[in-house]
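J.: Could you have a look at this structure, given as structure tokens, before my questions?
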Amino acid sequence: MVPEHFRKYILDDERDMHERLFVMLTHIMLGPWVLTLIEFLFLDSSPIIIYAYIGGLLLMMAVLLLSVRLNKLRTGAIIIAAGATFVHVPCTFFFAGGVHGDAPLWFLFGIFFISVCLEGKIKICFLVLNFLEAVACWLSSAYTPERIVAVDERVGHLHSLSALILIGLCISVMISIRNRLYNREVERSRAQKKEIESLNRAQNHFFSSMSHEIRTPINTIIALNEMILRENISDEVAEDAANIQSASKMLLHLINDILDMSKFASGQMQLTPVVYNPGNMLSDIVGMLWIRAKEKNLDFQVNVAPDLPAELMGDEVRIKQILINVLNNAIKYTNKGSVSLSVQSGGAENGVMNVIYSVSDTGIGIKKENIPYLFNAFRRVDEEKNRHIEGTGLGLSIVKQFVDLMGGKITVNSVYTKGSTFVIEIPQKMIGTRQIGEVKINSEKTAGKHGDYVPGFEAPDARVLIVDDNASNLLVVSKLLRATKVQTDMAASGEEALRKTLNTRYHVIFMDHLMPGMDGIECLKAIRMQIGGYCKHSKIVALTANAGSENKLLYEKEGFDGYLTKPITGDVLERELYRLLPKDITFVTGSEENFLQDTISWMKREQRKKSVVITTDSVADLPQEIIDRYEIAVLPHLVCTPDGNFLDGVEIETNGLLEYMEDETHKAVTAAPNVSVMEAFFAKQLSTANNVIHVSISGALTNSGCPIAMEAARAFDNVTIIDSGHLSSGQGLMVIEACRLAEEGRSPEEIAAHLKKMQARIHTSFVVDSLDFLARANQLSSRVAGVTKSLLARPVLTLRHGKMAVGKVYFGSRERTWKRYIASVLRQPASIDKRILFVTYVGITKRDMDWIRQQIEEHMTFEKIYFQKASPVIAVNSGRGTFGLLIRDADKVR
């Protein structure tokens, strides 16, 4: 390769660094290789080593030229590495003095070449082979030195010295050039970083300018449209105006999303916590989205918990943006049914409350495999099905980033084709102790009802100056304030505003920021310092299209008394003006308390979701009083017979099943519900709770429903499956404990961790008359059942590590067996929890139960003993004459 071509190749930034280093190192190696060959010829070395060097030189040159010409540099590097590892180095070692020659240095150079020119698994492979080859060569030299062609000691010293110099120079030159290349890459990266930062600044400036410019005409549209809605107009015109208002606000919302995405990308997004009224915020949201739901004939509900604080501190604008995005998505992907928003208070600690927002819909749902990608920007899941639905793909990505920024959490639970529920938890500071009370938003009023507008106050003696370079904005603000009867003047520039403040005293001044000539901040400072001016102490409010938390901080720092963003609504404008005007010149038209607190029209009774609901399988064998006491949702398993499949405890009862099984030709097996049934079950529970904890039968048992439940839970972020490791009332004991912890307000994570530890402290066992039923249910072989029956044995079935096993075997009468079994289970009363004992049975009489109770009380006393008939699923595996004592260990005293 000619020098100029070589230089261009090495400095080509588009090529891979390893390829460039390979070409460079191979060129550098040619020099030492030729000099070493001359040395061997001069010192009359072995012909084999000379021929090997000549062959290696020719091979290296051929491989280099072909790999460059064919653009197969990686292949060329592998060929040269293989030649050096398997040919050159061994030949040098065995025919040039072994460890006393220059071979050790060539071993090191081979490692250097492989490390520089190769990458990935092939690099590791060659390094390992190189080290293994070195070990083999050194062992051969130590134990079979006769294989090494000896060289004169003086020649060996010359070989090693020349190799040291040549290889050292080669490595030094290589490292120097590589450092230059890396420095060049660093400089290139820095230049690219500066260019990217410059582009980001330009992009942010563009988005900010775009937001400002678009807000100005939208301000005119929304405000003048509000004036239309205030008039006594026809219902048709009112509906059109309401649609215009809703569409304008959604357009503004989309603009905010684009601007916020830019801020997140550049790391400039900041939160601005303020004290706000959640009722007012919800009213604004409903007013924006109710019409969209109505257009699709959807039922739109908002449920607010009465214990929610009336005032919270958080970034109201961003929280509103989060809810609008999620609700807008719910409406967009729901064609029939309903969309609902539920707001409730979570746990509170150190004055900070976890506010839980839950958005549910009956829409198309989300496939399980798409849920991990749901919050990716510019990606829409199930694109083929949703291709006709409009959207930018930004909404949920922005939601996730805002929630994370606020230290909150968002989860999604969805059943494909059935609907979705998004649960958003955001910690916010509580302000005061007043609660919001019984509330339900009247969406029609918040959407804007025409003809019944009444201003919140009147102030005919108040004077207000409006400063804006846009004539439409001046018109908008003056019209919105017209009903309050305040006296308004207008100024189209900062200079004109100064002329007016020099001669007139204004109580409040609404000031635009970006104006040609003197801007709003400069005008503010000039008014405060105006010699002979009447408005040095007037209230000045920034009324600008510059939205964003950083702008609010700017205006506060500059000394503005308030901050309002365009587009502005009459309600917000009136409220801010009333706040700043002297109270002796204002007259509230209605109730002052109602005006200040913005009482909203509430219609429907609040529906509060539970924080955690506990569910289980029908095989948990719980008494109905406990199910009712804790409102436990029970998922029935199936009993499958040749005559059909029956829901456990719903369509088939234990006694009827036992009568059916008395005919030995009849067979029945148990089965768990399928995934779709479990998904529907979990979705139903999530309509009444934010989290579901499902305590399942042991996953290690045959036909267990635990693996299916875990598969179904993949569709939900808020469903936790607990493998109880037990069945029957042993599983039920874990369910009761979970319910107790949920009542205490423990989190799902805390409950799951506690139940995992509790698993080993529960003991599940049954004594059975025979193993016939287990054999007929395919739980064990008929041969084992036949042997135990012929020996008149009565086995005890226990659960060990979640699996069913025969624990003990008793011989003799039923009464003697039962007595020994009870004594065995209750042999250590001090270690047993005395609060509750389950005696779960199949096909025993009242007389038997009384006898069992008497035997138990002879050993120890329990606060509560439940005699619980086993479910049909348990009965089909055990048969008549079966019962078990199911206990838990006592809590350790600390």
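Read-outs: derived from the displayed coordinates by stated rules, not from any lab. Everything numeric in this text was worked out from a predicted model, so none of it was measured. As a convention, Cβ positions derive from the backbone with ideal geometry for all residues, glycine included, and neighbour counts pool all protein chains shown.
J.: Given a cut-off of 31 Å, name the pairs among LYS332/LYS566; LYS400/LYS610; LYS418/LYS609; LYS756/LYS869; LYS368/LYS566; LYS756/LYS846 whose C-alpha atoms lie farther apart than that in the structure shown.
T.: On the way: LYS332/LYS566 27 Å; LYS400/LYS610 24 Å; LYS418/LYS609 20 Å; LYS756/LYS869 27 Å; LYS368/LYS566 41 Å; LYS756/LYS846 36 Å.
Cα-Cα > 31 Å for LYS368/LYS566; LYS756/LYS846; rest within.
J.: Give me, ordered by chain and number, the residues 5 or more places off HIS637 or on other chains with an amide H under 5 Å from its own placed amide H.
T.: Answer set, sorted by chain and number: SER618, VAL619, ASP648.
J.: Rounded to whole Å, give me the distance from the Cα center of the range 618-652 to that of the range 657-695.
T.: 7
J.: Please report the antiparallel percentage of DSSP beta bridges with both residues in the chain, rounded to the nearest 5.
T.: Antiparallel bridges: around 60 percent, rounded to the nearest 5.
J.: When Lys and Arg each count +1 and Asp and Glu each count -1, what net charge do the other residues less than 15 Å away from TRP851, Cβ to Cβ, add up to? Provide the component values of the computation, followed by the final result.
T.: On the way: positive: ARG814, ARG816, LYS819, ARG820, LYS846, ARG847, ARG853; negative: GLU815, ASP848, ASP850, GLU857, GLU858.
Summing Lys/Arg as +1 and Asp/Glu as -1 gives +2.
J.: Quick check: convex hull of the Cα atoms in the range 783-894, volume per residue, rounded to a whole Å³? Walk me through the numbers on the way to the answer.
T.: Numbers: hull volume 13.6 nm³, N = 112.
Looking at the range 783-894, the number lands at 122 Å³ per residue.
J.: A follow-up question, please. If you line up the Cα atoms of the range 445-524 on their principal axes, what length do they span on each, largest first, in Å?
T.: 42, 27, 17
J.: Same structure, new question: With θ set to phi - 60° and the Karplus curve 6.51 cos²θ - 1.76 cosθ + 1.60, what are the ³J(HN,Hα) couplings of the range 828-833 in order, to the nearest whole Hz, using x for Gly and Pro?
T.: Listing the rounded values in order: 10, x, 5, 8, 9, 5 Hz.
J.: Right, next: Let me check I've understood the local charge: for LEU271, count other residues with C-beta under 9 angstrom from its C-beta, Lys and Arg +1, Asp and Glu -1. What total comes out? Present the calculation step by step, with values, prior to reporting the outcome.
T.: Working: positive: ARG318; negative: ASP315.
Its environment carries a net charge of 0.
J.: Turning to a different aspect of this structure: In Å, what Kirkwood hydrodynamic radius results for the chain from the alpha-carbon pair distances?
T.: Details: mean 1/r = 0.0281 Å⁻¹.
Final number for the Kirkwood radius of the chain is 35.6 Å.
J.: Next question. For n ≥ 4 DSSP H runs only, could you compute -39500 (n - 2.57) per run for the chain, divide by its residues and tell me the 222 nm figure to the nearest 500?
T.: Working: 30 runs with 436 residues, N = 894.
Here the helix-only value at 222 nm equals -16000 deg cm²/dmol.
J.: So, one more: Scan around ASN674 for amide H atoms under 5 Å from its own, H built in the peptide plane at 1.01 Å from N, and keep only partners 5 or more places away or cross-chain.
T.: Amide H neighbours of ASN674: none.
J.: Taking the mean number of other Cβ atoms within 10 Å as a proxy for protection, how do you rank 686-693, 346-353, 480-487, 614-621 from highest to lowest? Show your work: numbers first, answer last.
T.: Details: 686-693: 21.6, 346-353: 12.8, 480-487: 19.5, 614-621: 27.2.
Final packing ranking: 614-621, 686-693, 480-487, 346-353.
J.: Which residues' amide hydrogens lie under 5 Å from the amide hydrogen of LEU564, considering only partners 5 or more residues apart or on another chain, with H built in the peptide plane?
T.: ALA542, LEU543, THR544
J.: Counting only other residues whose beta carbon sits under 13 Å from that of ALA471, what net charge do I get with K and R as +1, D and E as -1? Could the numbers behind the result be given before it?
T.: On the way: positive: LYS479; negative: ASP468, ASP469, GLU496, ASP512.
Residues near ALA471 contribute -3 overall.
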